[in-house]
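I have placed the structure first, in the form of structure tokens, so that the comments after it can refer back to it.
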Amino acid sequence: MTTSVSVSRRRLVGYVRRSRRRAYPCECRGAVASEHVQMEATVHCPFCRHADSRVVDSRTSDDGASIRRRRQCPACSRRFTTLETASLSVVKRSGVTEPFSREKVVNGVRKACQGRPVSEDDLALLAQRVEESVRATGIAELDAYEIGLTILGPLRELDEVAYLRFASVYQAFDSLEDFEAAINLLRAEHEQNDRDAASSQD
């Protein structure tokens, strides 16, 4: 009888850290680095601790963010599952590094959206867009401040009042002039969009 167990892997096979802040995939899409280094990673069997295993099946998750692999130990023949994901870390002001969390993005934005017509689904989609934008940079570690800057764009598209609230705290507005400058920028963008729309209809 074959026994199964799930084992979480923190490192994605094929990823090599070329520096502290950037990771290059060995199989890339779009613009890639000119040099790639193949790396073999082994997973110890969780049953007999044998230092090698054989992949018998691989499946990508629905969102493409992880790969689930079925492995078999050549020593005891038992099978187990590993989950491979690309690491993405956030460096806080204190210097502490923690894994990126969509939930934390949602919690941070939810306060700014209180009383606004923004649903939980809207917040979940915003957090997904933020993660996709961050991963698209190819950077494995980002400062918390950079994550906040990435939030501003999608939040402005979602709700401008919530955007102003979030920006006022995140960018440390300390006077009415700061709010006026942000509002004037939004107004100018609206006027430009209206002119572009009018010209396209001519």
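The values are calculated or read from the model by the stated rules, or taken from the named source; none is laboratory data. All values reported here derive from a predicted model rather than from experimental measurement. Every residue, glycine among them, receives a Cβ derived from its backbone with ideal geometry; neighbour counts consider all protein chains shown. Ligands, DNA and RNA are excluded from the accessible area calculation, which covers all protein heavy atoms including side chains. Shrake-Rupley method; radii C 1.70, N 1.55, O 1.52, S 1.80 Å.
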Checklist outcome for this item: Filtering the range 43-74 down to residues that are part of a loop (DSSP other than H, G, I, E, B), at pLDDT below 80 and surrounded by 11 or more Cβ atoms within 10 Å (Cβ to Cβ) yields Ser61, Ala65
Checklist entry - How many residues does the range 97-115 hold that are open to solvent by 40 Å² or more (accessible area, probe 1.4 Å) and either in a helix (DSSP H, G or I) or among the aromatic types (Phe, Trp, Tyr) (or both)? => result 5
Next on the checklist: Being more than 23 Å from the chain's Cα centre (by Cα), free of Cβ contacts under 8 Å to residues at least 40 places away in the same chain and in a helix (DSSP H, G or I): is that true of Leu123 here?
Outcome noted: no
Checklist entry - Quick check: is even one residue across the range 77-91 assigned to a helix (DSSP H, G or I) and acidic (Asp, Glu)? => result no
Checklist outcome for this item: Conditions (1) within 18 Å of Val90 (Cβ to Cβ); (2) outside any helix (DSSP H, G or I) -> Val134 fails only (2)
Item to check | Candidate set: the range 157-202, residues that are assigned to a helix (DSSP H, G or I) and in contact with a Cys (Cβ under 9 Å, 6 or more places away or on another chain); chosen: the one nearest to Leu123 (Cα to Cα) | outcome: Leu158
Checklist entry - Is at least one residue of the range 137-155 of a type in the set (S, T, N, Q) and more than 21 Å from Ser66 (Cα to Cα)? => result yes
Checklist outcome for this item: By residue number, the members of the range 77-96 that are farther than 28 Å from Asp143 by Cβ and open to solvent by less than 50 Å² (accessible area, probe 1.4 Å) are Phe80, Thr81, Thr82
